[in-house]
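Trainee: I have a structure I would like to understand better, so I am pasting it below and will then ask my questions one at a time.
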Amino acid sequence: MTTTPAAPSSPSPSPRHPAPSEARFGDGVVLPPLTSWPRRALKHPRLMHYHRLAVLVAAANLAFLGVAGGVPEERTLGHAALANLALAVVVRQQYVVNFFFRVATAAPVTWPLRVRWTLAKVYHFGGLHVGGALAGSAWFLALTVALTAGDGSGAVLTVSYTLITLLAVIVATALPAFRSRFHDRFERIHRFGGWAALALFWTHTVLLARGPGDVGLWVLALVTFSVALPWLRLRKVDVRIERPSSHVALARFDHGVTPFAGSSTAISRNPLKEWHSFANVPAPGQSGFRLTISRAGDWTGSFIDDAPSRVWVKGITTAGVANVETLFRRVVYVATGSGIGPCLPHLLAAEVPSRLVWATRDPRRTYGDGLVEEILAVQPDAVVWDTGRHGKPDMVRLAYAAYAESGAEAVICISNKRLTWQVVHGLEQRDIPAYGAIWDS
């Protein structure tokens, strides 16, 4: 491990922030005890806010069903299906995502930590997407059954059964087991299946509509606009690639867009085939931005080995999890490998006092002296753990050590799925606010 001397301005000892001598980096760090059993249960991954939001949507639909006093009429079933599916689509729209983050992070740091802790879970909004998709599919299934038992025409029933079959395929392939193992297939099924479903919903709604003022038509118009908007921003732009090693490419863009720190940009070499999002790294006072792309599969490997001169970019730059930093007086960033990319724009912007813990193999050889020196210039007290020399550290202990020593209020972890959840839930079960990606797309 390489680290500069600890900052001398650590806070006074307290139960939450023990004296620096008690927060030694390495195996000697003593983690605080686990919090009470009820609070630990609430911090379990199965009860995270993502799942709570999905359950909330389901509960709202059940409440609506209860108020309706039985099975609603066909018209109401159709509107309920469209309303839920509109929710599922719109909450994924980039402008809406940015709005969620803007509202949640508007709270001042003077608010109670428990309130800010919860607001910072804003990135779990995907639970609304899941809840809306499942509830909408269920309502449409009920509508199809009602039309079959009633006087549905042959055309309406044909569209209904085709659509319900397509929705079932989309839902099944979005389950974590399939999505994680066949992500490229999931992405294509979700994209092309979603477009086909939207076209079928238009057909179905027009067949049943009671005139141009039908609310279903207006809902579909909103959904269609939401889906189309990112593609209306599609363009091919120049990119300059630097390769400090065979493991990493630094992609530089300067096409008139300077995104905000903590946002991401989706890029592609084939816009209908697959898209990959990376954290934008704008440099303060300079136009353009960088993307740090590490070898993590066939696509990234091809991008590094066969660097393109132009790529496609789509949509609106979108806020990422680390934007919740502004809800806290001080934070700790924990990164492994290329996880430094999403952290870097926040470290450079320095809007919130922070401390970096970065574990990676041979950082200078892998990422280049320039990038490492850029990090150390803004984070002279950074803990940089060379896994090639010292092996893999206990990241929970390192995160807690930096949290306790720096007087931070929260920890933000950018790493792979296993380690992110290990750090986030390992700290939250000890009553320490912690945040990291939840891999819901």
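The values are calculated or read from the model by the stated rules, or taken from the named source; none is laboratory data. On a predicted model such as this, the values are computed, not experimentally measured, just so you know. Don't worry about glycine lacking a Cβ; one is built from the backbone with ideal geometry, like all the others, and counts go over all protein chains shown.
Trainee: In the range 379-403, what count of residues is obtained for those that are surrounded by fewer than 18 Cβ atoms within 10 Å (Cβ to Cβ) and within 26 Å of the chain's Cα centre (by Cα)?
Mentor: Of the residues in that region, 2 qualify.
Trainee: Residue under question is Y123, and the condition is that it be in contact (Cβ under 8 Å) with a residue 40 or more places away in the chain, touching a strand residue (DSSP E or B) at 6+ places or on another chain (Cβ under 9 Å) and surrounded by fewer than 18 Cβ atoms within 10 Å (Cβ to Cβ); does it hold?
Mentor: no
A quick yes/no check of all residues on (1) modelled with pLDDT of 90 or more; (2) surrounded by 15 or more Cβ atoms within 10 Å (Cβ to Cβ); (3) in the same structural domain as H129 (by TED's automatic domain parsing):
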site	(1), (2), (3)
P212	no, no, yes
L217	yes, yes, yes
L220	yes, yes, yes
V223	yes, yes, yes
S226	yes, yes, yes
V239	yes, yes, no
S245	no, yes, no
V257	no, yes, no
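Trainee: For the range 176-214, give me each residue that is closer than 18 Å to G154 by Cα, in contact (Cβ under 8 Å) with a residue 24 or more places away in the chain and among the aliphatic types (A, V, I, L, M).
Mentor: Passing the criteria: L200, L207, L208.
Trainee: Of the residues that sit in the range 354-370 and are in contact (Cβ under 8 Å) with a residue 40 or more places away in the chain and surrounded by fewer than 22 Cβ atoms within 10 Å (Cβ to Cβ), which one is nearest to I414 (Cα to Cα)?
Mentor: Checked the range 354-370; the qualifying residue nearest to I414 (Cα to Cα) is T366.
Trainee: Applying the selection to the range 400-441, what residues are over 17 Å from L347 (Cβ atoms) and of a type in the set (A, V, I, L, M, F, W, C)?
Mentor: Across the range 400-441, the qualifying residues are A401, A404, L419, W421, V423, V424, L427, I432, A434, A437, I438, W439.
Trainee: Tell me the residue from S415, S406 that is outside the structural domain of P112 (by TED's automatic domain parsing), more than 23 Å from the chain's Cα centre (by Cα) and in contact (Cβ under 8 Å) with a residue 60 or more places away in the chain, please.
Mentor: S406
Trainee: Looking only at residues in the range 145-175 that are under 24 Å from the mean Cα position of the chain (by Cα), in contact (Cβ under 8 Å) with a residue 24 or more places away in the chain and buried (at least 17 other Cβ atoms within 10 Å of the Cβ), which one is farthest from L200 (Cα to Cα)?
Mentor: Checked the range 145-175; the qualifying residue farthest from L200 (Cα to Cα) is A174.
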